[in-house]
Amino acid sequence: MPSSVVSVINYKGGVGKTTLTANIGADLAARGRRVLLVDLDPQASLTFSLYRPAEWEEQLAQSRTVLHWFESYTATGVADPLRKYVVSPPGVNAIVERYGGRLDLLASHLGLIEIDLDLAAGLGGARYQKSSPRYIPVHRLLADALRDEAFAAHDVVLIDCAPNFNMVTRTAIVASDHVLVPARPDYLSTLGIDYLRARLSRLVTEYNEASATAEPAAGGGPATSGLINPEIVGVVYTMIQYTGTGILKAQRASMERMERIEIPVFRQTIRENKTAFTDAGDRLVPAVLAAERTSAVENLRYELQQLTSELVARIRV
């Protein structure tokens with residue numbers, strides 16, 4: 001098992017979820033860690049930040065994405081070893097290997113949308129009946145796959161979740177030790193955070209109840225590998241805008257509202273810098289590893305590195 005598995009999720013799109021996943025992963029790898037990025041968002045933005053679409057089409061699209069791994073389960077009832085689908089993006093690894101690190105990727109695919117329907121169908125539809133004998137095995141698909149010895153050397157797994165709570169996302173949460181929540185400091189992106197916490201709590205309760213009453217596996221072995229308790233490691237504010245007196249007043253007000261619902265918040269925030277992030281995507285190297293030395297890029301790099309340091313301290317990897 002990897003040392004720590006972290007799901008990155010928010011119901012609201014456009015909050016920098018994928019950008020944070022890519023940059024934290026790249027920075028950890030540049031610090032000598034071995035990192036696995038898992039792209040569970042059908043939009044595949046994380047995948048396309050590390051592979052050009054033409055490269056993805058030629059090298060991955062036909063047989064080497066997370067879609068194909070899930071399909072191995074829906075077709076036979078037994079998932080292939082996950083390691084068969086993991087790739088190592090060459091651009092970013094050319095940089096991080098100098099420091100003894102490595103960044104691996106489980107790429108996404110638009111067809112992942114349909115897998116949710118296939119997995120849910122086996123559990124009695126969208127309500128995921130916990131009385132189904134397949135409830136535990138389906139929810140544990142990713143968790144059990146990561147127990148493969150092939151991932152024992154990985155220090156961190158970062159999972160870029162879709163902005164929903166469908167079956168694929170649920171497999172990520174069950175596999176996770178921690179949940180990281182990126183959010184813009186505005187009303188809409190912070191509105192769903194408390195609801196997300198409630199959904200997480202409901203899944204944990206439901207899963208643990210099903211686990212406690214599950215029948216032993218064939219051969220007398222345990223029916224499950226145990227209870228789950230993923231914790232929200234914190235909310236990260238992204239796309240911060242500054243004025244002459246500091247953070248924009250409306251954004252400060254949203255951040256103050258968040259304090260009332262008592263969810264951990266990272267001290268480090270990430271400023272808005274569309275140019276630096278766009279350029280990084282074009283180069284297939286996350287902004288935190290950018291070679292530029294402009295003040296804007298340096299400020300952004302510093303914030304991203306500080307955020308990674310804070311995450312390392314919180315999850316202890």
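The values are calculated or read from the model by the stated rules, or taken from the named source; none is laboratory data. What you see is a predicted model; the values in this text were computed from it and never measured. Cβ coordinates were reconstructed from backbone atoms using ideal geometry, including for glycine residues, and neighbour counts include every protein chain displayed.
Here is a yes/no grid of residues against (1) among the aliphatic types (A, V, I, L, M); (2) at pLDDT below 95; (3) touching a His at 6+ places or on another chain (Cβ under 7 Å); (4) more than 21 Å from Ala313 (Cβ to Cβ):
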| position | (1), (2), (3), (4) |
| --- | --- |
| Val15 | yes, yes, no, yes |
| Ile24 | yes, no, no, no |
| Val38 | yes, no, no, yes |
| Phe48 | no, no, no, yes |
| Pro53 | no, no, no, yes |
| Glu58 | no, no, no, yes |
| Ser63 | no, no, no, yes |
| Glu71 | no, no, no, yes |
Quick one: in region 238-263, of everything that is within 30 Å of Glu206 (Cα to Cα) and in contact (Cβ under 8 Å) with a residue 40 or more places away in the chain, which residue is surrounded by the fewest Cβ atoms within 10 Å (Cβ to Cβ)?
-> Ile261
Scanning region 182-197 for residues that are among the aliphatic types (A, V, I, L, M) and out of contact with any helix residue (DSSP H, G or I) (no Cβ under 6 Å at 6 or more places or on another chain) gives Leu188, Leu191, Ile193, Leu196
Being outside any strand (DSSP E or B) and either at pLDDT 85 or above or in contact with a strand residue (DSSP E or B) (Cβ under 9 Å, 6 or more places away or on another chain) (or both) is the filter here, so list the residues in region 214-251 that pass it.
-> Leu227, Ile228, Asn229, Pro230, Thr238, Met239, Gln241, Leu248, Lys249, Gln251
Any idea which residue in region 281-304 is surrounded by the most Cβ atoms within 10 Å (Cβ to Cβ), counting only those that are within 22 Å of Phe48 (Cα to Cα) and at pLDDT 90 or above?
-> Pro286
Which of the helices (runs of 4 or more DSSP H) contained wholly in region 25-85 include at least 2 residues that are over 24 Å from Ser4 (Cβ atoms), in contact with a helix residue (DSSP H, G or I) (Cβ under 8 Å, 6 or more places away or on another chain) and not aliphatic (A, V, I, L, M)?
-> 66-76
